[in-house]
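Before any comments, here is the structure.
Here, each number is a calculation from the coordinates, and none is a lab measurement. Quantities reported herein were computed from a predicted structural model and do not represent experimental measurements. Cβ coordinates were reconstructed from backbone atoms using ideal geometry, including for glycine residues, and neighbour counts include every protein chain displayed.
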Amino acid sequence: MMQQRKVQLEELQTRIGYSFRDISLLDAALTHTSFVKGDGKGSVHNERLEYLGDAVLELCISEQLYLMHPSWNEGSMTRVRAMIVCEAALDQAGRKHFGLQEFLLLGLGEENTGGRTKPSILSDALEALIGAIYLDGGLESSSEFILKFAHEALENATEKGSSRDYKTALQEYVQKKRLGSIRYNVVSETGPDHKKQFIIEVSLNETLAGEGSGNSKQEAGQHAARAALKALRGKKAK
């Protein structure tokens, strides 16, 4: 490995907060197949590491969702996990948190056609990096790395996923029971831009069915739908 490449990889290790025992694993994780087919003949590309990292990533995120939401069913956890491990989310994480595009080894053709800006290449590289850390330091080290960039995504995707769950559940319940139509209305929006507070009401046939508050419209809508669903099911129980 050339000295210039070693310096680059030392910089990347600082960014990711993990020091490799076997630096060749890190190098391989950032090596695209186009490089191996071109000037880098004899090098190891990242496809096998990507395969491994994908599995480790899904396991880590699945465990987090399982622990964070003991009341969620398999469908809810699967849906939210898909938001976190999708190509777009991984591409953004690779760029935003670590600048992985700066460290990629690409073939000349891929380089000239904007390979460093392709989400598929960046997302694959991040998964390969996870696989490399797993081989080098084990499951605990790879999980710690994943949570460095996935913590925020877990919270955001959880909010979106749970919001969709309650709203969908309410819609399905109302349709199944043929109760009429529902409508959401923003009652108030207060506070500074960085700390907004929303109150949303959900009505059934123009009659208030539930109210919820939150730091976003999605969160407030979730709480309103949950309150309405609880009230409707409570009436049925009586």
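Some observations on this one:
- If R0 equals 22 Å, the separation of the Cβ atoms of GLU47 and HIS97 corresponds to a calculated FRET efficiency of about 0.45.
- Approximating the spin labels as points 7 Å out from Cα along Cα→Cβ, the ASN73-to-THR117 distance works out to 4.4 nm.
- Of the trypsin sites (Lys or Arg not before Pro) found in the range 123-228, those in coil by DSSP whose Cβ has at most 14 other Cβ atoms within 10 Å are ARG178, LYS196.
- Across the alpha-carbon atoms of the range 1-50, the computed radius of gyration and Dmax are 11.1, 31 angstrom.
- Largest GNM mean-square fluctuation across PRO70, PRO192, PRO119, computed for the chain with C-alpha springs under 10 Å, falls on PRO192.
- Where only alpha carbons of the range 3-160 are counted, the Rg and the Dmax (Å): 15.8, 53
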